[in-house]
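Below you'll find the structure, written out as C-alpha cells, and then a few comments.
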Amino acid sequence: MLTLVQWTLYFGIARLVFSSYVEIQCSWKGSGLSLEAGSVEQVSLNCPKGSVEWLYPAGALRFSFLPLQHLTSPGSVSRHLIGCIKPALGFRGAELYLEREGTLELLLTEDDQTSPSRVHCFTWLPSQKVALFLQATPQQDISRHISGFHYEVRGDWIENLALPLNKWNNEGACGPCNNTKLLMAVCTGDFVVQGSIRTIVHDVELRESVIGISATRILRQKFALFHTRGHAMKPLGNIRTPLNCGVKPGPGSFVFMGWVHFGDAWLDCAPRYKDFVQVYEAATQAHTNPCKIALD
C-alpha cells in the first residue's frame, strides 16, 4: 500500500517533463546541483551491472532498464529477470524506489543503512517495464551527503541459486543439485574449483555462511576469486551461501561451482569430486554433456 507521499511522488513523475536525457551507459555519476527545482533527470541503463554515485542529492533521478532479453534463456518468453541493489557505504540523502508497471515500491531508505552489505532484490518479466527512482530527501546541508549503489541484472537461468534474492525464502536453493543442474553449472557458472573446506564462518546479521576454500585445481574462474596468499601453497578463496542452508565442514575433495554476485562468490553446487567424475563421465559416454572440461 503506497503512502500519500509515495502517491504524490508517483503522480509527480507522470506530470514532469524530464529535464535531460543521458546516453546509454553502465554506470552514472553526477551532482544534484545541476538539476532545476522539481525536475527529474532520466538515465537509461543497458548493462548487466554497474553503479550510481549521486553527489549533493537534490531533485530526483530515474534509471530505466532498456530491454535485456539477451539475459534470458534461449526461447524463454515468460520467465523473469532478477535485479539486485547493493547500497554503497554511507548512502545518505535519498530514498530509492522500484517503479514497476505503474506502481512504486520502496527499496531503500537512509534508515536501512545499518548494514551496508545488505542486498535488495526484485524480479520482473522481460515484457514489463521497470525503473529505479532515486528521490532526494529534504536536507539542510546536502553537501554532506552522497547517494550511491551498485546494481546487477541477471537472467532467469539463475533463479534457483542461493543468492541474496532467495536467502529470505530459498526453498529448494539449499538442496543437492541433480545431474542436469550440476552439468549446466559446470558449463555456465562463473567459477568451477576443486578443493577442500578450510573454515566455515556464520554471519547471523547478514544471514550468510562464508566457506573458506583451499583449491587444489581451478577448472575455470571468470574473475580472480581464488589465488595464493602469503605463504599458502594453494589458491585460497571464500564462497558464500545462505545461513539457513546449514552448511557444515566435511573432509574430502569437492567441486565447488557457482556465480559471482557483487564481487562475492556464491555457491550453486558442491558435489564430492568422485561423485562429480562419475556424473561427468556418464554424460560424456551418453553424449549429453553440454560442454567439456579437463579432468585428471
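Every number in this text was worked out from the coordinates using simple rules, so none of it is lab data. The structure presented is a predicted model; accordingly, all values stated were derived computationally and were not measured. Heads up, the Cβs are rebuilt from the backbone with ideal geometry, glycines too, and the neighbour counts pull from every protein chain shown.
What's the ranking of 248-259, 282-293 by average number of surrounding C-beta atoms within 10 Å, highest first?
Order by mean packing, descending: 248-259, 282-293.
Take Arg118 and Asn46, extend 7 Å from each Cα along the Cα→Cβ direction, and tell me the distance between the two endpoints in nm.
Reported label-point gap for Arg118 and Asn46 is 3.5 nm.
Any chance you could run the full-extension gain for Ile200 through Thr180? It's 0.36 nm times the residue separation minus the Cα-Cα distance, nm to one decimal.
Separation in residues times 0.36 nm, less the Cα-Cα distance, equals 4.4 nm.
Pairs of Cα atoms under 8 Å, at least six residues apart: use those to get the relative contact order of the range 179-285, whole percent.
28 percent
Order 58-64, 241-247 from most to least packed using the mean count of other Cβ atoms within 10 Å.
Ranking, from highest mean packing down: 58-64, 241-247.
Near Gly30, within a Cβ-to-Cβ distance under 9 Å, what is the net charge of the other residues, with Lys and Arg +1 and Asp and Glu -1?
Value of the local net charge: -1.
How much FRET efficiency would the formula 1/(1 + (r/R0)^6) give for Asn238 and Leu89, where r is the Cβ-Cβ distance and R0 is 22 Å, rounded to 0.05?
0.65
Net charge around Lys234, counting only other residues with Cβ within less than 13 Å of its Cβ (Lys, Arg = +1; Asp, Glu = -1)?
Net of charged neighbours comes to +3.
In nm, to one decimal, how far is the modelled label at Ser127 from the one at Cys187, with both set 7 Å along Cα→Cβ?
2.9 nm
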